[in-house]
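Heads up: the structure comes next, in structure tokens.
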Amino acid sequence: MVMAELNIQEKMIVKDYENKINELIDKMTTEEKVGQLNQSLPSIFGAFGMTKDEIIEKLVEGEISYEDFQAMKRDYHKDDIRKGLIGSMGGITGAELSNELQKIAIEESRLGIPLLFGLDVIHGYRTIFPIPLAEACSWDMELIEKTAEIAAKEASAAGIHWTYAPMVDVSRDSRWGRVAEGTGEDTYLASVIAAARVKGFQGENLSDPDRVLACAKHFAAYGAAVGGRDYNTVDMSLQTLHEVYLPPFEAAAEAGVGTFMSAFNDLNGIPCSVNNYLLTDVLRGQFGFKGFVVSDANSIAEVVVHGKSVDRKEASKKALLAGLEMDMSQGTYLQDLPEKIINGDIPEEVLDEAVRRVLRVKYQLGLFDNPYRTDCNLEEKTLLAPEHVEVARKMAQRSIVLLKNENNILPLKKDLKKIAVIGPLADNKKEMLGTWAITGESEDVVTVLTGIQSAVDKDTEIVYSKGCEVTGDVDLDFNTAVQIANESDVIIAVVGESADMSGEASSRMDLNFPGRQEELLKALHQTDKPVVVVLINGRPLSIPWAAENVSAIVEAWQLGIESGNAIADVLFGEFNPSGKLVATFPYSVGQVPIYYNHPKTGRPASKIKFTSKYIDGPSEPLYPFGFGLSYTTFKYENLLISASEVTKEGKVTISVDVQNTGDRSGEEIVQLYLTDVVASRVRPVKELKGFNKVALQLGETKTVSFEIEIRNLGFYDDAMDYIIEPGLFKVSIGPNSKEGLEGEFIVVDY
Ligand code: BGC
């Protein structure tokens, strides 16, 4: 918050708590100060000074009994809370437990500083929404903000103050499992979504007990891990860092995000948790960020494993000096910092400033006045409230992307005689929740099978067979699957990935259907009955055989608790699909990283041999960024550009008429791409610079306009100065990154 932006009353409040913070800091011992920078977990992680692996080893060797092990898991470090050695706790859920621990902090610690409870509330607390990648495919900012708002409301009712979200890492590599948690490959879209999620989580005022503090993570460039292998090194030019990977973080900062999380990876040789350039120069300098930074789990101690520090003491010192305020979960700061401060190795003012940043956020959350923001009654009535479930269905419908619909086989009629629902994910609850649904419950999920059963007429017979498992080749049941398929009018095959195949530490080196699922699809295809594939997955997959051979493909991702209902809504036409891909689908993993906004090569792919392509497969994607079909059709015409010449300080308005030319109402996501034709550095072939989702009735036409400020069309030059160069810009406006009406304008220097 900038003081100048506040009204007088707000300024008084800020002054008041700044005074209180300083008074508090004056009273604190060094240990208590470091305590505020320490986040602790209740589980075996970090308890008794042992790591999880050490404890498990001792358990296996019989050195720790099972009873002791259970007790360790329940260690909430109450004594440390009493001693003021814990500023924040992760992994605590439930109003009762959080209030019990808060009471110890408030009533039994010397200074009564409230605890800050943090948790990964990534796509819902109890009402689990689609995975973030899926939500992004809705391109619907209002709804994305709404799901974050509901997640905040439920989490807060369950005693949480702080979510480690939004994850705003751009990634161009779908081998990386964490693409599921992000918003895909585009920087502009990621930035708009980052702001919407921050607003949804935090609202206007952090002290509103229905909201939670947000955290932009993982700072920075975590999504560019070499080889798509999680935690791996990241090496990139500063220009790419600032043009592609940092803008979503800046957007989160501008939206007022209260915290940032440092990433696990090193960036150009410096681990992010001790990266002065990132945490101070960029974050505090360039972004003007006023909140605090938390490490990723154990990432300060891991600086030693990176070989960047000789021991944890040195790593802790480097992290604090670089601008990292809170140590997540391994007690590194707590063990190592006090000595460094007492020795004078780190100036006390550095510590005080870090503590000030943490306490300020606690004040902003209102925790000093209202440390118990919830109770069990509120928790019970908030979690899974019917209006939350309704939004979950709406969001799930809009996250679906229709990739293929040969001969308009979809939507299906509800009065077909017999439908075969086949596949390992057809009657599954757990896998629909996706990654990071720690507080979700499988029992809340509507499976695809159930969704279909409730959508069709009562005389329609639904037959089901699992066919095979998601992975491995055991328990194949192709025969039953083929038999029921033969007896049916249509086959709905629900295939893809299990939830744990994406998310953290779940990188894949293959992007095909895992296990025997493609064989199952081939067997079903042989029946000559139409096959509708419903994909359940956490990343773009390479599925060229399915794309070529089956009748329809519905990309449903992992849609959360309302999966089955939303999928049935699309299959039977209750909802006309409108989602568009936010990440490119490759033909083969060998094409990865493949993304639409790549820099121009000197030899673009063509029929000529010596051009940029593969000898054993296409260089084009299977499905491009921005692609998605509808049950209706849209026509684009009358591209208008307000001026043929525009100054660097000016604006240009670009508009197009979009008409619904099909036979039902629908929504279209109109996308605007620009290309800087000649520049002093090689620029991307095109870049998304605007989008607009419009609802169109039958035959209706709407004019969609974009106002483009030329100052946003710049880039970083060799000296890392942001510049806008004069010259020709090409415009493409259309339904995806491959197709569109084309025009141009010139940026002039006078
Ligand atoms: C992940 C973070 C997460 C943290 C706390 C880490 O392993 O990288 O995204 O917020 O754990 O659960």
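The values are calculated or read from the model by the stated rules, or taken from the named source; none is laboratory data. What you see is a predicted model, and the numbers here were worked out from it, not measured in a lab. Positions of Cβ are backbone-derived with ideal geometry, glycine not excepted, and every protein chain shown enters the neighbour counts. Just so you know, the surface numbers come from the protein's heavy atoms only, side chains and all, with ligands and any DNA or RNA stripped out. Shrake-Rupley method; radii C 1.70, N 1.55, O 1.52, S 1.80 Å.
What ranking, highest mean first, results for peptides 635-642, 104-111, 147-154 when packing means the other Cβ atoms within 10 Å averaged over each residue?
Details: 635-642: 14.2, 104-111: 16.2, 147-154: 26.1.
Ranking the peptides 635-642, 104-111, 147-154 by packing returns 147-154, 104-111, 635-642.
Can you list which of the chymotrypsin sites (Phe, Trp or Tyr not before Pro) found in the stretch 308-416 are DSSP loop residues with at most 16 other C-beta atoms within 10 Å?
Hits after loop and neighbour filter: Tyr372.
How tilted is helix 187-202 with respect to the longest principal axis of the chain? Cα atoms for both, answer in degrees (0 to 90, nearest 10).
50 degrees
What shape does the stretch 62-145 have by the C-alpha gyration tensor, where a ≥ b ≥ c are the square roots of the eigenvalues, rounded means a/c under 1.5, and otherwise prolate means a/b greater than b/c and oblate the rest?
Since a/c reaches 1.5 but b/c is at least a/b, the shape of the stretch 62-145 is classed as oblate.
Across 5 Å bins from the origin, how do the percents of Cα pairs in the stretch 396-538 run, short distances first?
P(r) over the stretch 396-538, rounded to whole percents: 2, 9, 18, 22, 21, 15, 8, 3, 1, 0.
Find how many whole Å separate the alpha carbon centroid of the stretch 690-712 from the alpha carbon centroid of the stretch 275-297.
36 Å
Among DSSP beta bridges lying fully in the chain, give the percent that are antiparallel, nearest 5.
In the chain, approximately 55 percent of DSSP beta bridges are antiparallel ones.
Could you name the lysines in cross-link range of Lys609, using Cα to Cα under 27 Å and dropping any fewer than eight places away on the same chain?
Partners found: Lys600, Lys686, Lys738.
Set the bar at 25 Å for Cα to Cα. Now go through Lys199/Lys730; Lys648/Lys693; Lys429/Lys466; Lys404/Lys730; Lys430/Lys466; Lys381/Lys693 and name every pair that lies beyond it.
Violating the 25 Å Cα-Cα cut-off are Lys199/Lys730; Lys648/Lys693; Lys404/Lys730; Lys381/Lys693.
Bin by bin, in steps of 20 Å, what percent of the Cα pairs in the chain do you find, going until the bin that has the longest distance?
Spelled out per bin, shortest first, that is 16, 48, 31, 5, 0.
Between Leu238 and Lys730, take the C-beta separation as r, use R0 = 45 Å, and let me know the FRET efficiency to the nearest 0.05.
Computed FRET efficiency for Leu238 and Lys730 comes out at 0.95.
When the chain is fully extended, how far beyond the present Cα-Cα distance does Thr701 get from Asn549, taking 0.36 nm per residue of separation?
51.3 nm
If packing is taken as the average number of other Cβ atoms within 10 Å across a peptide's residues, how do 156-167, 727-738 rank, most packed first?
Top of the packing list down: 156-167, 727-738.
For the pair Ser644/Asp749, report the inter-label distance in nm, with labels modelled 7 Å from Cα in the Cβ direction.
Each label point lies 7 Å from its Cα, and together they span 2.1 nm.
Ranked from highest to lowest mean number of other Cβ atoms within 10 Å per residue, what is the order of the peptides 743-750, 294-301?
By packing density, highest mean first, the sequence is 294-301, 743-750.
Which distance in Å, rounded to a whole number, links the C-alpha centroids of the stretch 125-147 and the stretch 644-676?
25 Å
Rounded to a whole number, what % of the accessible area of the chain do carbon and sulfur atoms account for, probe 1.4 Å? Intermediate values should be presented prior to the final figure.
Working: 14080 of 29350 Å².
That share works out to 48 percent.
Whenever you get a sec, line up Lys58, Lys418, Lys651 from highest to lowest accessible area (probe 1.4 Å, protein heavy atoms).
Lys651, Lys58, Lys418
What distance in nm separates the simple spin-label points at Asp459 and Lys413, each placed 7 Å from Cα in the Cβ direction?
1.1 nm
List the aspartates and glutamates whose alpha-carbon lies under 13 Å from that of Lys522, not counting same-chain residues fewer than 8 positions away?
Answer for Lys522, where 13 Å is the Cα cut-off: Glu548, listed by chain and number.
In Å, the Kirkwood hydrodynamic radius of the stretch 653-750 over pairs of distinct alpha carbons?
Mean inverse Cα-Cα distance, inverted, gives 14.8 Å.
Ignoring everything except DSSP H segments at least 4 long, calculate the 222 nm mean residue ellipticity for the chain; use -39,500 (n - 2.57) per segment, divide by total residues, nearest 500.
It lands at -8000 deg cm²/dmol.
Using 7 Å Cα-to-Cβ label points, what is the Asp489/Glu441 separation (nm, one decimal)?
Those two pseudo-labels are separated by 3.7 nm.
What is the extension gain from Ser606 to Lys635, computed as 0.36 nm multiplied by their sequence separation minus the C-alpha to C-alpha distance, in nm to one decimal?
Extra length from Ser606 to Lys635 when fully extended: 7.5 nm.
Viscosity 1.306 mPa s, temperature 10 °C: what is the translational diffusion coefficient of the stretch 294-441 from Stokes-Einstein with a Kirkwood Rh over Cα pairs, rounded to a whole number of µm²/s?
D = 75 µm²/s.
State the extension gain, in nm to one decimal, for the chain segment bounded by Asp616 and Lys290, taking 0.36 nm per residue of separation less the distance between their alpha-carbons. Working shown, then result.
Values: separation 326, 0.36 × 326 = 117.36 nm, distance 5.16 nm.
Once the chain is fully extended between Asp616 and Lys290, it gains 112.2 nm.
Kindly sort Leu520, Leu6, Leu384, Leu698 by accessible area of their heavy atoms, largest first, with the probe set to 1.4 Å. It would help to have the intermediate numbers written out before the result.
Numbers: Leu520 0, Leu6 20, Leu384 55, Leu698 105 Å².
Accessible-area ranking of Leu520, Leu6, Leu384, Leu698, largest first: Leu698, Leu384, Leu6, Leu520.
Compute the accessible area per residue over the stretch 48-207, keeping the other protein chains in place, probe 1.4 Å, unit Å². Don't skip to the end; give the middle numbers.
Working: 5230 Å² over 160 residues.
In whole numbers, the stretch 48-207 has 33 Å² accessible per residue.
Which lysines does Lys308 reach when only Cα atoms under 20 Å apart count, and residues fewer than 8 places away in its own chain are ignored?
Cross-link targets: Lys317, Lys318, Lys340.
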